[in-house]
Amino acid sequence: MLGIIELGIQYRLWRSQASKGKKSPRSGPATPLAKMASKLNEESISLESVMAEFKLSNTTLRRMMSHMSDNMDRGLESGLERSTIAMLPSFVPELPNGKERGKFVAMDLGGTNLRVMLMELEPGEPMRTKQFNTRMPNAAMHGTGEKLFDYIAKALCDFLIERELADECLPVGFTFSYPCDQTGLRSATLLRWTKGVTATGCVGEDVVQLLEDAIKRDGRVKVNIVALINDTVGTMVAAAYEAGGHCDIGVIIGKSFLLHENIKLQFSGTGTNASYMESSKKIVHGLANATEDYNHKSMIIDTEWGGFGDNGEADYIFTRYDKIVDSKSDHPGVNSLDKLIAGMCMGELVRLVLERLCENKVLFNGQGSKMLRTRNTFPTKYISEILHDDCGVYSNTRQIMDELGIEGATFSDMLLLREVCVVVSRRSANLAAAAIACVLNRVRRPNMLVAIDGSTYKYHPFFNHWVCEKIRELLDPGLDFKIVQTGDGSGRGAALIAAIVSRVKREEEKRLKDLEIQRQKAAEAEERRLLEIEKEKEEAEERARKISEMMRYQIERGAEESYQRHE
Ligand code: BGC
């Protein structure tokens, strides 16, 4: 506690010194002379003025929520033609109900990692899983699509062969965390790469086909790809399995945060996205091109909210630093919200701010280091590490400054560095909260369950607290929610979806079999009824014949008697 007070006093002291004589460019010069001075001094900035750019009021966040919700409606109606939020159909009709059973394989590709997983399910028993994780080599992510899918197929084949499952033709769920236009559970065209992947020859292609071709080229195993899903759909399904069949929204905030990367290779905490259950009636665009009949009442929708802002509709949120990060990214102008929220760009944003503060002598006495001025040298993990330092103890911060080659940093420098990390990452948490609150305000069910996965959310010490706090402020009155953090949701979810598909198929087969038995029983009963009618008819005819015979006999007898009388 003392640490916090001491820190607060020192920080206020430092701030009053740092901003002495400097006016925030945002307050605007009053006189022509001041205007000229301001022009000359254009680059003269304070920590406050820079940080103000990252602070978003609830009014701004509500404005963003309303724009997002409009885009979601338009996405459901017309897809990407009229919206930046695609609202893609998943063709997953329901959540797990605990009756799933069998052996299933999951593959999970997203960001920088590939995971292959085997899952065994038996109702009432804990699920058994075995898994293998590997980092995708740069050559696979940035070479040809064939190379990328060969790499994935090889990992799958090696995994199954090692477990002697090569010929079992197991059902596979494939989590593919990139925007896909899905026309069936196992057919999906890649719309675009995100998260810096650039493998050629994949955009516009059917991803399941690409994978099946690669498995065929490898030729060592037999499998049955039953579903392709997004990681948020997997997260929602995995959380529902644990919560007894209920989950309202699955969220990813920054996937694949690699904590121990060599900073030169660093590429961390990639996209953000959410899924929720939508009524099939509203999924106009998504179901228009479906290649299979869809007769279920609802379907999980993969919102692809990461695209929000791609038409400039979120420009009021973008700072000059965001614009630099975007323009230098692999996909400029694409998946804008990913870049504002997920960890992928957070480190670089902090670095750009530090560089500017340093240039303006607000920080490090204007010295800094060559490394601080070099792009992508401040990985997002630094933010978590700096914020993990206890108050007044700066061991992580000092080590990071050493790694960046910064010498002679003062106590004030360290406080300032921490403040930049807080403000930049808190903005990301606030934006994530606004996006989640936007979906919850649409879902509007009692006691909603939000499942969140992703490294930005997991590894940042305050992110979960900030997200929860802000959702509360932005949620419509009367609504309530609970957050659960799911681990490996996207992988387990893929296997669970393969299991749901098998269960639904089994139930459908059983339903059809029961129907057939009922139909047969009804046909037999009808046959019996007809036979009975026939029998009754025959009996009636027989009776009529006998009666008519008897009558004829009596008439004949009567005639005979009368003849004899006349004789
Ligand atoms: C992708 C989404 C994915 C999200 C989280 C985004 O870049 O477009 O499909 O769900 O990242 O991994």
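The values are calculated or read from the model by the stated rules, or taken from the named source; none is laboratory data. Values in this document were obtained by computation on a predicted structure and should not be read as measured data. With ideal geometry, Cβ positions are generated from the backbone for all residues, glycine too; neighbour counts draw on all protein chains shown. Protein only, heavy atoms only, side chains kept; ligands, DNA and RNA dropped before computing areas. Shrake-Rupley method; radii C 1.70, N 1.55, O 1.52, S 1.80 Å.
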Picking from 83, 69, which residue would you name as being surrounded by fewer than 22 Cβ atoms within 10 Å (Cβ to Cβ), of a type in the set (S, T, N, Q) and at pLDDT 95 or above? 69
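Is it the case, given these coordinates, that residue 196 is part of a loop (DSSP other than H, G, I, E, B), touching a Ser or Thr at 6+ places or on another chain (Cβ under 8 Å) and at pLDDT 95 or above? Before the answer, list the steps.
Values: part of a loop (DSSP other than H, G, I, E, B): yes; touching a Ser or Thr at 6+ places or on another chain (Cβ under 8 Å): yes; at pLDDT 95 or above: no.
Answer is no for this residue.
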What do you reckon, is residue 403 open to solvent by 10 Å² or more (accessible area, probe 1.4 Å), modelled with pLDDT under 95 and either of a type in the set (Lys, Arg) or out of contact with any strand residue (DSSP E or B) (no Cβ under 7 Å at 6 or more places or on another chain) (or both)? no
What are the pairs with Cβ atoms under 8 angstrom where one residue, in region 432-457, is within 10 Å of residue 249 (Cβ to Cβ) and the other, located anywhere, is small (Gly, Ala, Ser) and open to solvent by 20 Å² or more (accessible area, probe 1.4 Å)? Sequence gap at least six, or different chains. 442/69; 449/243
Every residue from region 169-190 that is more than 14 Å from residue 226 (Cβ to Cβ) and either away from the ligand (no atom under 16 Å from the Cβ) or part of a strand (DSSP E or B) (or both): 180, 181, 183, 189, 190
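What do you reckon, is residue 174 at pLDDT below 95 and either surrounded by 15 or more Cβ atoms within 10 Å (Cβ to Cβ) or within 18 Å of residue 496 (Cβ to Cβ) (or both)?
no
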Of all residues in region 101-113, which are more than 13 Å from the ligand (Cβ to nearest atom) and either on the phi > 0 side of the Ramachandran plot or surrounded by 24 or more Cβ atoms within 10 Å (Cβ to Cβ) (or both)? 102, 104, 105, 106, 107
Quick check on residue 398: is it farther than 30 Å from residue 228 by Cα, under 22 Å from the mean Cα position of the chain (by Cα) and away from the ligand (no atom under 16 Å from the Cβ)? no
In contact (Cβ under 8 Å) with a residue 40 or more places away in the chain, more than 16 Å from the ligand (Cβ to nearest atom), open to solvent by less than 30 Å² (accessible area, probe 1.4 Å) and not aromatic (Phe, Trp, Tyr), is that true of residue 365? no
Note: among 60, 134, just one is open to solvent by less than 70 Å² (accessible area, probe 1.4 Å) and either in the same structural domain as residue 341 (by the TED database) or among the aliphatic types (A, V, I, L, M) (or both), namely 60
If the requirement is being at pLDDT 90 or above and open to solvent by 10 Å² or more (accessible area, probe 1.4 Å), which of these qualifies: 191, 160? 191
Would you mind finding the one in 306, 271, 245 that is at pLDDT 95 or above and either closer than 23 Å to residue 227 by Cβ or touching a Pro at 6+ places or on another chain (Cβ under 8 Å) (or both)? 306
Looking at residue 338 and the list (1) outside any loop (DSSP other than H, G, I, E, B); (2) open to solvent by 10 Å² or more (accessible area, probe 1.4 Å); (3) at pLDDT below 95; (4) among the acidic types (Asp, Glu), which single condition is not satisfied? (2)
Could you count how many residues in region 389-415 are farther than 15 Å from residue 367 by Cα and in contact with a helix residue (DSSP H, G or I) (Cβ under 6 Å, 6 or more places away or on another chain)? 8
Which pairs have Cβ atoms under 7 Å, sit 6 or more apart or on different chains, and link a residue in region 334-348 that is aromatic (Phe, Trp, Tyr) to one that is in a helix (DSSP H, G or I) and within 9 Å of the ligand (Cβ to nearest atom)? none
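Looking at this structure, is residue 75 crowded, with 17+ Cβ neighbours inside 10 Å, within 30 Å of residue 474 (Cβ to Cβ), in contact (Cβ under 8 Å) with a residue 12 or more places away in the chain and not assigned by the TED database to the domain that holds residue 420?
Criteria not met by residue 75.
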Hits in region 300-325 - residues which are surrounded by 22 or more Cβ atoms within 10 Å (Cβ to Cβ) and within 19 Å of the chain's Cα centre (by Cα): 300, 301, 302, 303, 304, 305, 306, 307, 308, 309
Could you list, in sequence order, the residues of region 472-523 that are among the acidic types (Asp, Glu) and farther than 30 Å from residue 174 by Cβ? 473, 476, 480, 514, 516
Is it the case, given these coordinates, that residue 317 is more than 16 Å from the ligand (Cβ to nearest atom) and either part of a loop (DSSP other than H, G, I, E, B) or on the phi < 0 side of the Ramachandran plot (or both)? yes
Give all pairs with beta carbons closer than 7 Å in which a residue from region 271-289 that is within 30 Å of residue 113 (Cα to Cα) meets a residue that is among the basic types (Lys, Arg) and within 16 Å of the ligand (Cβ to nearest atom); count only pairs at least 6 apart in sequence or on separate chains. 271/195; 271/255
